[in-house]
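Notes for the one structure printed next.
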Amino acid sequence: MSLSVERFQNSQWKKSDELNFSKRTVLDMVKEGNVLDVGCGDGLLLEHLKNNGLVVSGIDISSTAVDICKERGLDCGQGDISERLPFDDNSYDNVLLIDVLEHLFQPLEVLKEAMRVSRRYVFISVPNFVSLSARLQVFFGKVPENNTPRDGHVYFMTMNVIRSLLKQSGLKANEMIVNTFWEKVPAIGLLMATFKKFFPSLFALSFIIKAEKIQ
């Protein structure tokens, strides 16, 4: 286990987490079966899933995050998720990788492990590194928000990249949900909803994918 990665992640979990768009979306999508959250952080999403009656477990590299999970009464262990996961094949109905893959140098290997452990579904969320807002920030000489050091992002995620990773790992996308900017602004929101539907690579801020194992 990399002590430097663990130290960085520990510093991240000293502040409170929140149910962002990705986690709220996954919470609505996962309705039955047991759940493994890979890179579970402080367990906020797992806690909500548990409150919905699901049997949940988590694993994270951060000892600080794992301690918070245990304080919440969650089944959670510490481990380096970039290595082989300590679970048998087909152990969980649902495996979650929520805002995780972009933090990994080898996301494909982790995705393959998630596929191995999953009995059926793998839920993935990643930010879009080439959204219109990110491109405009580069145009004006700024570092895009997803590329700032404080986030610890090391792998450039786009819609084409995540589709390629899914294909290579033996998964197929059953459903993809995206969010965009100005969605709640009257009149403009309707226009943005249309843009994100037809041009997700440009207008999506993040991708949330329900993927299924290819039989």
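Would you check which residues across the stretch 68-105 are touching a strand residue (DSSP E or B) at 6+ places or on another chain (Cβ under 8 Å) and hydroxyl-bearing (S, T, Y) and list them?
S91, Y92
Just give me the residues in the stretch 137-154 being among the polar types (S, T, N, Q) and either modelled with pLDDT of 95 or more or surrounded by 14 or more Cβ atoms within 10 Å (Cβ to Cβ) (or both), in sequence order.
Hits for the stretch 137-154 are Q137, N146, N147.
Among the residues that make up the stretch 95-111, is at least one of them farther than 24 Å from L205 by Cβ, crowded, with 17+ Cβ neighbours inside 10 Å and touching a Lys or Arg at 6+ places or on another chain (Cβ under 7 Å)?
Taking every residue of the stretch 95-111 in turn, none turns out to be farther than 24 Å from L205 by Cβ, crowded, with 17+ Cβ neighbours inside 10 Å and touching a Lys or Arg at 6+ places or on another chain (Cβ under 7 Å).
Just need a number here: residues in the stretch 58-81 that are without any contact (Cβ under 8 Å) to a residue 60 or more places away in the chain and either part of a loop (DSSP other than H, G, I, E, B) or surrounded by 20 or more Cβ atoms within 10 Å (Cβ to Cβ) (or both).
Total satisfying the criteria: 13.
Name the residue that is farthest from the chain's Cα centre (by Cα), counting only residues in the stretch 121-136 that are part of a strand (DSSP E or B) and either aliphatic (A, V, I, L, M) or exposed (fewer than 12 other Cβ atoms within 10 Å of the Cβ) (or both).
In this case the residue turns out to be V122.
Quick check on the stretch 163-178. Is at least one of its residues touching a residue at least 60 places away in the same chain (Cβ under 8 Å), among the aliphatic types (A, V, I, L, M) and closer than 24 Å to F105 by Cα?
yes
Among the residues in the stretch 127-145, are any touching a residue at least 24 places away in the same chain (Cβ under 8 Å) and within 27 Å of L85 (Cα to Cα)?
yes
For the stretch 3-55, give me the residue count where each residue is at pLDDT below 85, part of a helix (DSSP H, G or I) and polar (S, T, N, Q).
Adding up the residues that qualify gives 5.
Answer yes if at least one residue in the stretch 83-96 is assigned to a strand (DSSP E or B) and out of contact with any helix residue (DSSP H, G or I) (no Cβ under 7 Å at 6 or more places or on another chain), and no otherwise.
Yes: the stretch 83-96 contains one or more residues that are assigned to a strand (DSSP E or B) and out of contact with any helix residue (DSSP H, G or I) (no Cβ under 7 Å at 6 or more places or on another chain).
Across the stretch 45-56, which residue is nearest to R84 (Cα to Cα) among those that are surrounded by fewer than 21 Cβ atoms within 10 Å (Cβ to Cβ) and touching a residue at least 12 places away in the same chain (Cβ under 8 Å)?
The residue in question is V55.
The values are calculated or read from the model by the stated rules, or taken from the named source; none is laboratory data. Everything quoted here is computed from the prediction, not taken from an experiment. Note: ideal-geometry Cβ built from the backbone for every residue, glycine included; neighbour counts use all protein chains shown.
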